[in-house]
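First the structure, in the form of structure tokens, and then the observations on it.
Read the figures in this text as sums done on the coordinates, not as results from a lab. Owing to the predicted nature of the structure, the values given are computational and were not obtained by experimental measurement.
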């Protein structure tokens with residue numbers, strides 16, 4: 001079954017690409033307007049504001065003319081990577097790890113634990129003696 005030809009009621013400038021878009025009216029159900037742009041295709045919004053905008057701003061068929069859409073702007077290439085041949089970049093070499101400097105007195109590291117352990121043992125010994133005398 002072939003679809004019926006759309007009812008074209010006017011023309012309007014496409015808000016996206018500025019080409020001439022047809023303002024059409026639905027043939028079934030509510031007689032709502034919709035636009036058809038050859039580039040952007042159909043816009044079938046049903047809100048009161050857009051319906052009023054299309055109705056107020058459409059012009060008779062053929063009065064706008066056959067305007068060509070504006071060409072798309074050139075893409076911004078500021079952030080695009082540069083094409084590089086790699087000829088001027090030196091070969092990457094990893095950094096050599098630095099030798100760790102050893103402290104002059106390597107015995108001082110463990111001496112803190114030894115002193116702390118001795119103090120804890122003395123306090124524990126006095127605590128046990130003091131508790132047994134009571």
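Directionally averaged projected area (segment 7-57, Cα convex hull): 3.3 nm². If the chain linking residue 36 and residue 18 were pulled fully straight, counting 0.36 nm for each residue of separation and taking away their Cα-Cα distance, it would gain 5.3 nm.
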